[in-house]
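A.B. asks: Let me give you the structure first, and then I'll get to my questions.
Each reported figure results from applying straightforward, stated rules to the coordinates on display, with no laboratory input. Nothing here was measured: the structure is a model prediction, and the numbers come from that model.
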Amino acid sequence: MVVELANKLNSPENMYIWVRDKIAYLPEQLVDLWMTPRTTILNRFGDCDDKSVLLSSLLYAAGYSNRIVMSHVIDKDTGHMYVEIQDSRGQWLKLDPTCIQCEFGEFPKIDEEVIGYVYLDRTVVVNPRLYEVYVGNRFNWKFTLNCEKVVSVCKPYCSIFEDCKCKERR
């Protein structure tokens, strides 16, 4: 489903606009269970992590280098996730699919501290103190994106990721 949608949308800009406009933003609930990209597409709603995982998965499916950014929004004292895509010069362009007024390449003015980055094959924590405060024992953010599914090392959450089928990448 993700690969087919990525092929249909055909460009990073179209993918960003589709996720921004077609997936309704639903703020995080008391228990934040991450939805698979497939589930987010079918439900047509998600919070920042669901929309970011979907956008990142679409970009990866189309061959675009990207990463998910885990951050702490200082003035709201909350966690946030968005996507960065690497351009042809190796620069990272921020894409926040929850920012309804942002065009492709625009980013809302927020005062943030980066907690870490999620790549296709690894998670890199750059701020262990914030990682412990916002993640701690509640959830293990160490996961990787693999085509249409999220592979988590956090056992209690694995069941929500099992509804996807993933083709082998060639």
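A.B. asks: How much length is gained on full extension from ASP77 to VAL124, taking 0.36 nm per residue of separation minus their Cα-Cα distance? Before the final figure, lay out the partial values.
C.D. replies: On the way: separation 47, 0.36 × 47 = 16.92 nm, distance 2.15 nm.
Additional length available on full extension: 14.8 nm.
A.B. asks: Per residue of region 46-53, in order, report the coupling 6.51 cos²θ - 1.76 cosθ + 1.60 (Karplus, θ = phi - 60°) as ³J(HN,Hα) in whole Hz, putting x for Gly and Pro.
C.D. replies: x, 8, 4, 6, 5, 5, 6, 4
A.B. asks: Another question, then. What is the extension gain from ASN43 to GLN86, computed as 0.36 nm multiplied by their sequence separation minus the C-alpha to C-alpha distance, in nm to one decimal?
C.D. replies: Values: separation 43, 0.36 × 43 = 15.48 nm, distance 2.85 nm.
Length gained, ASN43 through GLN86: 12.6 nm.
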